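Colleague: Have a look at the structure that comes next, please.
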Amino acid sequence: MILDGKQVSSAIKASLAAQVSTFPEKYGRVPNLAVILVGEDPASQVYVRNKARGCEAVGISNSTYRLPAETTEPELLSLIGQLNADPAVDGILVQLPLPRHLDEHKVIETIAMEKDVDGFHPGNVAALWQKRPCIVACTPKGIMKLLESAGIDPCGKRAVVVGRSNIVGLPVAKLLLDANATVTVCHTRTKNLPEITRQAEILVVAAGRAKMVTADMVSDGVVVIDVGMDRDEDGKLCGDVDYGSVAPKASWITPVPGGVGPMTIACLLENTVQCFLRRL
Ligand code: NAP
């Protein structure tokens with residue numbers, strides 16, 4: 001069966017829109033998200049546009065700051081400082097990746113923790129790993145919501161995560177662990193990857209390698225979450241999982257597109273509302 005991220009994210013957005021529509025009367029304003037885009041990376045431009053559209057769909061006001069690729073670090077940090085200090089701004093998102101001369105860690109650390117809608121600030125990451133209240137990164141949060149929407153309880157299940165990035169692999173592994181799964185994290189130095197992925201009852205793939213998970217790497221009945229957003233040999237958008245051969249063996253699987261992607265945006269909007277409510 002298909003884990004339909006479009007459908008689940010639409011339901012989340014509808015509920016957020018209903019909630020946000022009550023805010024002007026209750027609080028005198030709606031949440032406000034500031035998005036910063038440095039440079040002209042085509043994929044980043046699409047992501048930023050989709051985020052702005054998502055905000056508009058639920059009634060979150062938003063502004064996109066488009067800065068030239070040659071923006072200096074002090075210039076970028078100064079803009080973030082102004083947005084941190086602006087009481088009308090609830091959330092700040094700096095679209096990654098940044099041009100190479102800018103230090104991503106320094107930039108993320110500069111965002112006020114309570115406005116860090118992406119959940120990438122070290123304070124939010126530490127809080128996640130210490131099981132304290134925090135803003136959870138959007139993609140891992142969206143994955144957990146997708147599982148929940150289908151009634152898939154990770155408790156006691158063997159979960160395998162392929163990928164150990166700070167933005168997907170590691171936080172989703174932690175959320176699965178918190179949901180009482182037994183979690184294995186794989187990466188490029190993992191030996192016998194197919195042997196490990198075949199043990200998975202829940203398999204999350206966030207490797208950024210087009211169609212790398214093939215039918216021989218999964219067991220019957222597995223739940224497959226494909227985070228990848230890759231291009232196949234014909235330049236068509238595809239995931240890290242070879243959907244055609246893996247889907248018949250899976251009990252549940254996310255399509256690409258229409259799986260994890262829309263959930264990421266829905267969770268960004270939810271995080272923005274969360275930041276707004278926390279700052280009241
Ligand atoms: P990343 O930072 O490049 O990390 C990739 C991870 O996968 C690394 O830990 C790497 O291992 C591991 N890996 C790569 N090739 C592997 C292989 N052949 N076998 C085992 N492990 C392998 O990527 P990311 O930012 O996490 O993103 C992963 C994918 O998700 C990308 O396609 C990205 O576009 C997509 N994505 C989608 C969304 C969404 O909303 N749908 C959001 C974020 C990312 P090492 O650590 O050993 O290098």
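The values are calculated or read from the model by the stated rules, or taken from the named source; none is laboratory data. Computed from a predicted structure; not experimentally measured. Note that we place each Cβ from the backbone using ideal geometry, even for glycine, and neighbour counts take in every protein chain shown. Just the protein is used for accessible areas: all its heavy atoms, side chains included, with ligands, DNA and RNA removed. Shrake-Rupley method; radii C 1.70, N 1.55, O 1.52, S 1.80 Å.
Colleague: Taking just the alpha carbons, could you work out the radius of gyration and Dmax for the stretch 27-113, both in angstroms?
Modeller: For the stretch 27-113, the Cα-based Rg and Dmax read 12.9, 41 Å.
Colleague: How large is Rg/Rh for the chain, to two decimals, with Cα atoms and a Kirkwood Rh?
Modeller: For the chain, the value is 0.97.
Colleague: Considering the convex hull of the alpha carbon atoms of the stretch 100-188, report its projected area averaged over all viewing directions, in nm², one decimal.
Modeller: Its average projected convex-hull area is 6.7 nm².
Colleague: Which one, Asn180, Gly244, Gly208, is farthest towards the positive end of the dipole of the stretch 138-261 when Lys and Arg carry +1 and Asp and Glu -1 on their Cβ?
Modeller: So the residue we want is Asn180.
Colleague: Ignoring any ligand, DNA or RNA, what whole percent of the accessible area of the stretch 138-261 comes from carbon and sulfur when the probe is 1.4 angstrom?
Modeller: Answer for the stretch 138-261: carbon and sulfur cover 49 percent of the accessible area.
Colleague: Then there is this: Using the Cβ atoms and a cut-off under 9 Å, what net charge is assigned to the surroundings of Gly221, where Lys and Arg are +1 and Asp and Glu are -1?
Modeller: So the surrounding residues net to -1.
Colleague: Now a separate question. What is the extension gain from Asp178 to Ala85, computed as 0.36 nm multiplied by their sequence separation minus the C-alpha to C-alpha distance, in nm to one decimal?
Modeller: In short, 30.1 nm is gained.
Colleague: Can you give me the accessible area per residue for the stretch 138-261, using a 1.4 Å probe, in Å²?
Modeller: 44
Colleague: Nearest 0.05, what FRET efficiency do Thr72 and Ser165 give at R0 = 30 Å with Cβ-Cβ as r?
Modeller: It comes to 0.65.
Colleague: To continue, here is another question. Viscosity 1.306 mPa s, temperature 10 °C: what is the translational diffusion coefficient of the stretch 34-183 from Stokes-Einstein with a Kirkwood Rh over Cα pairs, rounded to a whole number of µm²/s?
Modeller: Answer from the Stokes-Einstein relation: 95 µm²/s.
Colleague: Determine the sum of side-chain charges near Pro257: Lys and Arg each +1, Asp and Glu each -1, restricted to other residues whose C-beta is under 14 angstrom from that of Pro257.
Modeller: With Lys, Arg at +1 and Asp, Glu at -1, the net is -2.
Colleague: Follow-up. Taking the alpha-carbon centroid of each part, what is the distance from the stretch 111-168 to the stretch 32-96 in angstrom?
Modeller: About 22 Å separates the Cα centre of the stretch 111-168 from the one of the stretch 32-96.
Colleague: With no solvent and one equal point scatterer placed on each C-alpha of the stretch 138-261, evaluate the Debye formula and give log10 I(q)/I(0) for q = 0.20 Å⁻¹, two decimals.
Modeller: Debye output, listed in q order: -1.10.
Colleague: Still on this structure, please answer the following. Where does the longest stretch of the chain lie that holds no GluC sites (Glu not before Pro) found in a DSSP loop with 11 or fewer other Cβ atoms within 10 Å?
Modeller: 71-232
Colleague: Looking only at Gly156, Gly258, Gly91, which one moves most when the chain is put into a Gaussian network model with springs between Cα atoms under 10 Å?
Modeller: Gly156
Colleague: Run the lone-cysteine check on the chain: no other Cys C-beta under 4.7 Å from the residue's C-beta.
Modeller: By the Cβ distance rule, which asks for a partner under 4.7 Å, the isolated cysteines are Cys55, Cys134, Cys155, Cys186, Cys238, Cys275.
Colleague: Over 27 Å between Cα atoms, which of Lys106/Lys145; Lys145/Lys191; Lys157/Lys249; Lys145/Lys211 qualify?
Modeller: Lys106/Lys145; Lys145/Lys191
Colleague: Oh, and also: Positive end of the dipole of the chain, charges at C-beta (+1 Lys, Arg; -1 Asp, Glu), about the Cα centre: which of Ile111, Asn50, Leu3 has its Cα farthest in that direction?
Modeller: Positive-end residue among those listed: Leu3.
Colleague: In the stretch 185-277, which trypsin sites (Lys or Arg not before Pro) are in a loop and have at most 16 other Cβ atoms within 10 Å, using DSSP for the loop call?
Modeller: Listed in order of number, the matching sites are Arg189, Lys191, Arg198, Arg209, Lys236.
Colleague: Assign unit charges at the C-beta atoms only (+1 for Lys and Arg, -1 for Asp and Glu), then state the dipole size of the stretch 134-186 relative to its Cα centre in Debye, rounded to the nearest 20.
Modeller: Around 120 debye, computed over the stretch 134-186.
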